[in-house]
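A short write-up of the structure that comes next.
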Amino acid sequence: MKNRSLLGGLVLIGVLFTACGGKTIPDKAEAVQNFNKTKYLGKWFEIARLDFKFEKGLNNTTAEYSLREDGKIKVDNKGYNYNKKEWEQSIGKAKFVDAENVAMLKVSFFGPFYGGYNVIAIDDDYKYALIAGSSLKYLWILSRETSIPENIKKEYLKKAEEIGYNTADLIWVEHNK
């Protein structure tokens, strides 16, 4: 597997736009309250995303979250690049903007530069999540499995549209590797 430091993967959210203390969530979006960090840890499959340069050409994309010794969250993103015919990986760290029970985080893959990562919808069992970046350019739908039920998909698309996202531009990720 090739280690690609520029692969921002699922959570590199406009690092250049939100470096060190910039805005971390779109205006109409709200981070989940009463968030349970421990239940969120583990592997997630990317179901859909607004495409951007760090994920161009990738499918079979996943993110795995685990606790680091310093209390931050380790972010391990992987995806298969069909053009290069190889796996790519990027490892970063995430930390909460404020309280750990509010799902508003900042993620870094490049030293001191952080981008917004906001869980704006999640089911009670922590199986499906809707993630907003720092602006309307970044959106993900995640699942613990390689697919998502139609009713959850519709609910998340509606919520994203209400915030101002253009969901017609979503890339629907294949999981076939």
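The values are calculated or read from the model by the stated rules, or taken from the named source; none is laboratory data. All values derive from a computational prediction rather than experimental measurement. All Cβ positions, glycine included, derive from the backbone under ideal geometry; neighbour counts span all protein chains shown.
Quick one: would you say Ala160 is at pLDDT 95 or above, aliphatic (A, V, I, L, M), surrounded by 18 or more Cβ atoms within 10 Å (Cβ to Cβ) and in a helix (DSSP H, G or I)?
yes
Give the residues of the stretch 6-58 that are of a type in the set (Ser, Thr, Tyr) and modelled with pLDDT of 95 or more, sorted by residue number.
Thr38, Tyr40
Of Asn34, Asn59, which residue is surrounded by fewer than 18 Cβ atoms within 10 Å (Cβ to Cβ) and outside any strand (DSSP E or B)?
Asn34
Cβ contacts < 8 Å: first residue farther than 21 Å from Glu161 by Cβ, restricted to the stretch 24-45; second residue hydrophobic (A, V, I, L, M, F, W, C) and exposed (fewer than 13 other Cβ atoms within 10 Å of the Cβ), any location; separation 6+ or different chain. Result?
From residues that are farther than 21 Å from Glu161 by Cβ, the pairs are Leu41/Leu67.
Please enumerate the residues belonging to the stretch 44-56 that are more than 22 Å from Lys154 (Cα to Cα) and either touching a Phe, Trp or Tyr at 6+ places or on another chain (Cβ under 8 Å) or buried (at least 17 other Cβ atoms within 10 Å of the Cβ) (or both).
Phe52, Phe54, Glu55
From the list Ile141, Ile148, which one is within 12 Å of Ile47 (Cβ to Cβ), touching a helix residue (DSSP H, G or I) at 6+ places or on another chain (Cβ under 6 Å), in contact (Cβ under 8 Å) with a residue 40 or more places away in the chain and not small (Gly, Ala, Ser)?
Ile141 is the lone residue from the list that is within 12 Å of Ile47 (Cβ to Cβ), touching a helix residue (DSSP H, G or I) at 6+ places or on another chain (Cβ under 6 Å), in contact (Cβ under 8 Å) with a residue 40 or more places away in the chain and not small (Gly, Ala, Ser).
Does Asn83 satisfy the criteria of being within 16 Å of Glu46 (Cβ to Cβ) and among the polar types (S, T, N, Q)?
So Asn83 does not fit the description; no.
Would the stretch 68-82 turn up any residue that is among the small types (Gly, Ala, Ser), assigned to a loop (DSSP other than H, G, I, E, B), out of contact with any Ser or Thr (no Cβ under 7 Å at 6 or more places or on another chain) and over 15 Å from Lys37 (Cα atoms)?
Scanning the stretch 68-82 turns up no residue that is among the small types (Gly, Ala, Ser), assigned to a loop (DSSP other than H, G, I, E, B), out of contact with any Ser or Thr (no Cβ under 7 Å at 6 or more places or on another chain) and over 15 Å from Lys37 (Cα atoms).
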